[in-house]
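Input: a single structure, listed below in structure tokens.
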Amino acid sequence: MVISLKHQRFNIGKLDKSEIIRLLQAQGELQQDLFREARAVREEYGVDEVTLRGVIEISNFCQKNCDYCAMRASNPNLERYRLSIEEILSIVDQIKAANIGIAFLQSGQDPREDEMLEQIIPEIKKKGMEVLLCLGEKPQETYANFARLGADSYILKFETSSPDLYKHIAHTPLEKRLECVKSLQNLGYRVGTGNIVGLPNQTLEHLADDILLALSIKPDFVSSSPFIPNQETPLESLAYGNLNLTLNTLAIYRIALKNCLIPSVSALEKTYKGGQLMGLNAGANVLTINFTPDTFRNKYAIYSKQRFVVSLEHALRTIEQAGLKVKSPF
Ligand code: 5AD
């Protein structure tokens, strides 16, 4: 299919690296055309109602030591917590009461959560909700066990497609992470992945390769997040990731991956007030509402202690401003 952007024609069938690099840099009218095309694809594929997810950040313990994240194992200045089964299930009830059908359980890479999750997953399924997990790299048996217990979907972002850059900032091999993505898919999970824009020494070429890697994975969900410099991390004085590059990435993901679920992440709002609205306007169709209790939220220092916490009110307002509707969950 060839679509006509105002300035140059863009061949979607041949979304090669040089095309992607050109589109990543789109500004002004070309960028507006790119976003318009992304919205048209979203509509054409029947995915322009916004899916809401309710996230519970169940533990901030982490085995990994990613340079961009303050939950890294070697940060001694973060008070660590794990929510109890009872706490988690009562928050799941709040999510359901808010008419949200997806219980999204997120944590640092914390194997001590696994036993508890074996009890939690079936309980959530009994409530008729989707169980979406984002718990990092785990042994295949653990993924298989969670799937057997009813877990539906899993997000594991590759963060960057460059093996060198990944190793440099996450200190583990990218290959292992990609193997985890594969095994999740083989186990029948619906799988989400994606990248971060603005990592140190990341080039446009890297970002184009990120998009090509995402396309090759054929994910069910895909995201792009601007890098946020995080206190108590080795990257705390790096600049914010570029908003336009992130929005253009979202639009290209939409155009190439058609009916994918694409979140407009809270890091967009943290980077720029109104950033999540811009994400929806660039083709995204998911917002994640934070249900972690106040007392623990600040300790889930995923990208900043002062991160933007998405409330249901903020999400509904943003969806209305985008001229979209909430997807009915049940
Ligand atoms: N900036 C942007 N995104 C971040 N994440 C973690 N730390 C940061 C940061 N400083 C993202 C990673 C991770 C997801 C849960 O949050 O992509 O996979």
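The values are calculated or read from the model by the stated rules, or taken from the named source; none is laboratory data. Note that the coordinates shown come from a computational prediction; the quantities given were computed from them, not determined experimentally. Positions of Cβ are generated from backbone atoms using ideal geometry, with glycine treated the same way; all protein chains shown enter the neighbour counts. Calculation scope for accessible area: heavy atoms of the full protein, side chains included, ligands and nucleic acids excluded. Shrake-Rupley method; radii C 1.70, N 1.55, O 1.52, S 1.80 Å.
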Share of Cα-Cα pairs in region 223-280 beyond 14 Å, whole percent, is 54 percent
Can you tell me, using C-alpha contacts under 8 Å and at least 6 residues apart, the relative contact order of the chain as a whole percent? 23 percent
Largest to smallest accessible area among E57, E37, E205, E115 [probe 1.4 Å]: E115, E205, E37, E57
Among A282, I91, L105, the residue whose Cα sits farthest towards the positive end of the charge dipole of the chain, when +1 is placed on the Cβ of each Lys and Arg and -1 on the Cβ of each Asp and Glu, is A282
Alpha-carbon gyration tensor eigenvalues x 5, square-rooted, for region 275-317, Å: 22, 12, 8
Per residue and in cubic angstrom, what volume does the convex hull of the Cα atoms of region 6-326 have? 123 Å³
Could you work out how much longer the chain between T142 and E205 gets when fully extended? Use 0.36 nm per residue separation minus the Cα distance between them, nm to one decimal. 19.2 nm
In degrees, nearest ten, helix 243-257 long axis to first principal axis of the chain (Cα): 90 degrees
Nearest 10 degrees is fine. How inclined is helix 114-126 to the longest principal axis of the chain, computing both from alpha carbons? 70 degrees
Counting only protein heavy atoms and a 1.4 Å probe, tell me what percentage of region 6-326's accessible area is made up of carbon and sulfur. 49 percent
Name the residues of region 183-209 whose amide N is less than 17 Å from a point 7 angstrom out from the Cα of Q63 along the C-beta direction? 183-184
Residue by residue through region 141-155, the couplings from Karplus 6.51 cos²θ - 1.76 cosθ + 1.60 with θ = phi - 60°, in Hz, x for Gly and Pro, are 4, 5, 4, 5, 4, 4, 5, 4, 7, x, 4, 9, 8, 8, 10
Between R80 and R112, with labels modelled 7 Å along Cα→Cβ, what's the label distance in nm to one decimal, could you check? 0.5 nm
Hey, rough spin-label estimate for D164 and E19, points 7 angstrom out along Cα→Cβ, what's it come to in nanometres? 2.8 nm
Helix axis angle, 28-44 relative to the chain longest principal axis, alpha carbon, degrees: 60 degrees
For region 35-96, take the convex hull of the Cα atoms, compute a quarter of its surface area, and give me that in nm², please. 7.4 nm²
What length, rounded to one decimal in nm, is gained on full extension from A97 through to Q321, with 0.36 nm per residue of separation minus their alpha-carbon distance? 78.2 nm
Filter the cross-link list K125/K325; K157/K218; K157/K299 down to pairs whose alpha-carbon distance in this structure exceeds 23 Å. K125/K325
Given 0.36 nm per residue, what is the gain on full extension from C134 to D294 after removing their alpha carbon distance, in nm? 55.6 nm
In the chain, if the dipole is taken from +1 on Lys/Arg beta carbons and -1 on Asp/Glu beta carbons about the Cα centre, which of S237, A144, F221 is farthest to the positive end? F221
Would you pull out the residues with amide H under 5 Å of R53's amide H, same chain only if 5 or more places away, H placed 1.01 Å from N? L287, T288, I289
Separation of the K127 and L215 label points, Cα + 7 Å toward Cβ, nm: 3.9 nm
Under the rule of -39500 (n - 2.57) per DSSP H run of 4 or more residues, summed and divided by the residues of the chain, what mean residue ellipticity at 222 nm is obtained, to the nearest 500 deg cm²/dmol? -12500 deg cm²/dmol
Per residue solvent-accessible surface (Å²) - the chain, probe of 1.4 Å: 42 Å²
